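The values are calculated or read from the model by the stated rules, or taken from the named source; none is laboratory data. Source: prediction; values computed, not measured. Because the Cβ atoms are built from the backbone with ideal geometry, glycine has one as well, and the counts that use them run over all protein chains shown. All accessible areas refer to the heavy atoms of the entire protein, side chains included, with ligands and DNA or RNA removed. Shrake-Rupley method; radii C 1.70, N 1.55, O 1.52, S 1.80 Å.
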Amino acid sequence: MDSNNNNSCSILEKTLRDGKLFRQVNSLIVAHLRDHNLSQAANAVASATMTPLNAEAPQNRLTELVAKGLAVEKDEILRGVPSNSLYDTSTLIPATATAAYGSIPAPRAAAVVDFSAVQDTKGSSKSFPKHETRHLSEHKNIARCARFSPDGRFIATGSADTSIKLFEVAKIKQMMLPDSTDGPVRPVIRTFYDHIQPINDLDFHPQNTVLISGGKDHTIKFFDFSKATAKRAFRVIQDTHNVRSVSFHPSGDFLLAGTDHPIAHLYDVNTFQCYLSANVPEISVNGAINQVRYSSTGGMYVTASKDGAIRLWDGVSANCVRSIVGAHGTAEATSANFTKDQRFVLSCGKDSTVKLWEVSSGRLVKQYLGATHTQLRFQAVFNDTEEFVLSIDEPSNEIVIWDALTAEKVAKWSSNHIGAPRWIEHSPAEAAFITCGTDRSVRFWKEIL
């Protein structure tokens with residue numbers, strides 16, 4: 001009898017727990033739809049599940065929880081924990097994978113910076129640590145772009161010679177050791193050839209060993225870098241325009257393409273169906289997108305355009321939520337990236353400025369001056385702890401570094417390139433960055449410990 005009572009109690013407790021969980025999930029879904037102006041869908045779900053339409057939830061709470069859940073699931077897969085997921089990506093993503101790819105290492109400790117806080121920062125700038133640099137490789141033509149994998153273990157570079165080189169960071173570090181006795185180390189572990197025109201941008205899938213590239217030949221190519229013999233793409237998206245920039249959604253299920261078209265093209269990675277925003281502000285004929293990047297949770301994305309504007313878009317509805325017109329005057333906006341907390345966007349333009357914008361208001365928060373760039377499409381990037389901003393000075397071929405909080409220029413180093421570097425990209429995981437450029441060369445920089 002006692003056993004039956006215990007079983008009945010445990011079943012009741014489970015039922016109550018499940019019911020509470022379902023109510024929480026339904027509330028989050030309703031709040032998510034409502035907050036993203038999907039009123040009709042929010043009403044339908046609220047009515048079907050008897051959930052209050054005014055259900056309260058923090059902004060983007062559902063997106064954040066899903067992102068955290070996917071990260072935990074990915075970690076379990078990497079540790080060999082069986083998954084009960086019904087989602088099958090085998091139609092697109094190869095099953096083979098390099099060991100533990102995608103596992104994000106713990107970042108270096110850094111205080112959360114509130115860039116918008118009013119404070120006296122005079123004389124409080126940090127010094128940027130010394131770095132050593134090494135020439136890694138050369139393309140046969142201009143090295144146009146570079147990207148680190150999300151875990152910081154790999155680097156890909158794309159060139160006007162239509163090739164892509166993949167480097168393993170561990171091998172680069174081994175090559176840089178002063179007392180290495182293992183003979184010559186080759187940090188290039190793959191070379192891909194499948195474009196017929198120059199490559200403009202690259203991105204790594206957040207969980208799987210897949211690299212994508214966007215090119216002037218109007219294509220986005222998918223490469224499986226777990227296979228040593230693979231030289232060609234295993235899937236191709238044929239776009240209608242020159243593909244200037246590509247960015248994976250943090251889930252890996254979608255990707256954005258910034259093209260000569262003024263609206264980013266959103267692709268479903270599994271079906272390759274293309275979507276365009278139905279809520280587009282007035283954009284001039286000079287509105288080609290130089291760069292597009294997702295925020296860390298995928299709740300938003302940002303575009304930097306030739307017309308000088310920075311535009312913020314809702315990551316779910318693809319609606320434009322804010323246009324910062326003339327962010328770089330009449331000059332092109334060449335790059336734009338979110339801070340990790342999604343509260344700010346760092347942009348760079350051909351007006352020789354680097355600027356930090358508050359996402360919620362569109363207000364200019366910081367301006368980083370002292371690097372001239374008027375010809376090439378340079379980037380401005382944070383270091384991995386977001387304590388410093390890095391960019392390029394075109395006339396002197398130098399790397400310029402600012403204290404991110406005070407906006408004071410703290411260093412100016414020779415890039416060791418002949419001619420200005422075309423691209424600078426910082427590791428997301430450690431004190432290291434990559435430069436590549438018009439002299440065809442690729443250089444790796446790491447902090448001297």
>> Using 10 Å bins from zero, what percent of all Cα-Cα pairs in the stretch 301-354 falls into each bin?
In response: 28, 53, 19, 1
>> Could you tell me the center-to-center distance, by alpha carbons, between the stretch 15-64 and the stretch 271-324 in angstrom?
In response: 27
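Could you sort Ile263, Ile434 by their accessible area in this structure, using a 1.4 Å probe and putting the largest first?
On the way: Ile263 25, Ile434 0 Å².
Descending accessible area places them as Ile263, Ile434.
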> Just how far, in whole angstrom, is the stretch 229-263 from the stretch 362-382 if you go by their alpha carbon centroids?
Replying inline: 25
> Which percent of the Cα-Cα distances in the stretch 341-419 go past 17 Å?
Replying inline: 42
> Ordering Met176, Met50 by how much accessible area each has at a 1.4 Å probe, largest first, what is the list?
Replying inline: Met50, Met176
> Peptides 37-45, 409-417: what's the order by average Cβ count within 10 Å, highest mean first?
Replying inline: 409-417, 37-45
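Kindly rank 305-316, 279-290 from highest to lowest mean number of other beta carbons found within 10 Å of each residue.
On the way: 305-316: 23.2, 279-290: 16.2.
Listed from highest to lowest mean packing, they are 305-316, 279-290.
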> Setting aside same-chain residues fewer than 8 positions from Lys227, which lysines have a Cα under 20 Å from its Cα?
Replying inline: Lys165, Lys171
> Cross-link list Lys140/Lys221; Lys68/Lys446; Lys130/Lys306; Lys126/Lys340; Lys221/Lys366; Lys221/Lys350: which exceed 25 angstrom alpha carbon to alpha carbon?
Replying inline: Lys68/Lys446; Lys130/Lys306; Lys221/Lys366; Lys221/Lys350
>> How large is the translational diffusion coefficient of the stretch 171-310 in µm² per second when you combine the Kirkwood radius over alpha carbon pairs with Stokes-Einstein at 4 °C and 1.567 mPa s?
In response: 79
> Using the per-residue mean of other Cβ atoms lying within 10 Å as a proxy for protection, in what order, highest first, do the peptides 330-336, 187-193 fall?
Replying inline: 330-336, 187-193
>> Can you give me the distance in nm between label points at Ser317 and Val410, each placed 7 Å from the Cα along the Cα-to-Cβ direction?
In response: 4.0
>> Only four residue types carry charge here, +1 at the Cβ of Lys and Arg and -1 at the Cβ of Asp and Glu. Report the dipole size of the stretch 223-281 about the Cα centre in Debye, rounded to the nearest 20.
In response: 300
> What would the Debye formula give as log10 I(q)/I(0) at q = 0.26, 0.35 Å⁻¹ for the alpha-carbon point model of the stretch 325-366, no solvent?
Replying inline: -0.87, -1.25
>> Please list, ordered by chain and number, the residues whose modelled amide H lies under 5 Å from the amide H of Phe254; skip anything fewer than 5 residues away on the same chain.
In response: His249, Val269
